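The structure appears right after this line, and notes come after that.
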Amino acid sequence: MANLKGLASIVSELKVERANLANQLRHVDAALTVLGKVNGGTSYTRPGRTLSASARKRISLAQRARWVKVRNGSKPAGVAAPAKRTLSISARKKIAAAQRARWARVKAGTKKAA
């Protein structure tokens, strides 16, 4: 039973804390409301740029053209994909031998350290 009494006291403390936090939140909301009205009823926002109908039309057409390029998978002009290069068998063997030698040196160094 003692465990349940302790649990009940914890629950009651949490309820009190929740009530305090709700009260503080109401105060913060009230402060924000007041501060929002300091500037004549609205908070200041930077005015947006007004574009003419022809400018919006040009932007719209340019964006549509970009999307057509993306959908068709065309690459930007002047950028060619480099040709895929492959290593010869002898080059691969040389690289593998060099890597085996590096690992042998690493393993030899750890044996000396241990």
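The values are calculated or read from the model by the stated rules, or taken from the named source; none is laboratory data. Note that the structure is a prediction, hence the values are computed from the model and not measured. Every residue, glycine as well, gets a Cβ built from its backbone with ideal geometry; the counts of neighbours run over all protein chains shown.
What the table below lists for this structure:
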read-out	value
Residues satisfying the stated conditions in region 46-57, i.e. exposed (fewer than 10 other Cβ atoms within 10 Å of the Cβ) and either of a type in the set (A, V, I, L, M, F, W, C) or part of a helix (DSSP H, G or I) (or both)	Ala53, Ser54
Residues located in region 82-96, provided they are over 39 Å from the mean Cα position of the chain (by Cα) and exposed (fewer than 10 other Cβ atoms within 10 Å of the Cβ)	Ser88, Ile89, Ser90
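The rows are residues; the columns are (1) hydrophobic (A, V, I, L, M, F, W, C); (2) in a loop (DSSP other than H, G, I, E, B); (3) at pLDDT 95 or above; (4) on the phi > 0 side of the Ramachandran plot.
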| site | (1), (2), (3), (4) |
| --- | --- |
| Ile59 | yes, no, yes, no |
| Gln63 | no, no, yes, no |
| Lys69 | no, no, no, no |
| Ala80 | yes, yes, no, no |
| Lys84 | no, yes, no, no |
